[in-house]
Every structure is written in C-alpha cells, then in structure tokens.
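As structure tokens, the structure follows; a few thoughts come after it.
The values are calculated or read from the model by the stated rules, or taken from the named source; none is laboratory data. Because the structure is predicted, anything quoted here is derived from the model rather than measured. Note that we place each Cβ from the backbone using ideal geometry, even for glycine, and neighbour counts take in every protein chain shown.
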Amino acid sequence: MNWPAILDVAGAISLLLGAALCLAGAVGLIRFPDTLSRLHAVTKPQTLGLILVIAALALMLRSWAAISTLVIAGAAQFFTAPVSAHLVGRAAYRNGRVDRSNLDVDELSEALERSD
C-alpha cells in the first residue's frame, strides 16, 4: 500500500469538505434575515469547516511542528467561536436587534427582568 498517496487523497477530500462547509456558512451569513440565524450560520459550519481544513493540512504535511501549530489554531477556533457568537447574540438581543416574535422560547427576557 502506498500510505502517503492514501493520506494525500484523504487530505484532499477533507479539504474539499471543509471548504464546502465554509462556503455554506458564508452563504448563510448573506442570505439569512436576522442576527441569531446569521450567527448560527457562521459558527456551526465555519467551525467544523476549519477543523476539516486543519485535519487536511495535518494529513498532507505530516510534520509534528505543523501538526502542533494546527492543533493550537483549531483549539482556539473551537473554543472562541461559540463564546463570541453567544456574546454577539446577547448584545444584539439587549439592543433590540432581535425579532422576538421568531423565538420559540425567550429565556433571556425573564433573566433580564429579574436582574433589573
């Protein structure tokens, strides 16, 4: 078996899937109407797409120095994107940029009323 060729093909497939997910997130950012759905479109597929791209690079480079750098970059994205999306969504809610009629459950209004 030619393992480097197999790893390169797996890396190429992972790279294409990751790029497709990143493209889907960008299209969702443009097409979705409100802040909360745009945040969902940006964080979910974008994070998975970046993880797939990082996995593809790790499969293709096969260097411990590159893999350790990619793991750090992936971990930073994996932990910061959901937190930043949560904070942006909360700020948009407080500033009245969220259409509350589209929400099925509105737990934040109850928490804000209790804190006032």
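The residue that is nearest to Ile6 (Cα to Cα), among those in the range 78-102 that are of a type outside the set (Val, Ile, Thr) and in contact (Cβ under 8 Å) with a residue 60 or more places away in the chain, is Asn102. A single entry from Ala20, Ala75 fulfils the requirement of being exposed (fewer than 14 other Cβ atoms within 10 Å of the Cβ), free of Cβ contacts under 8 Å to residues at least 12 places away in the same chain and either in a helix (DSSP H, G or I) or in contact with a Leu (Cβ under 6 Å, 6 or more places away or on another chain) (or both): Ala75.
Inside the range 25-49, residues that are farther than 23 Å from Gly96 by Cβ, touching a residue at least 24 places away in the same chain (Cβ under 8 Å) and out of contact with any Leu (no Cβ under 6 Å at 6 or more places or on another chain) make up a count of 3. Of Val53, Val9, all but one fail to be crowded, with 18+ Cβ neighbours inside 10 Å, over 30 Å from Leu112 (Cα atoms), modelled with pLDDT of 95 or more and of a type outside the set (S, T, N, Q); the exception is Val53.
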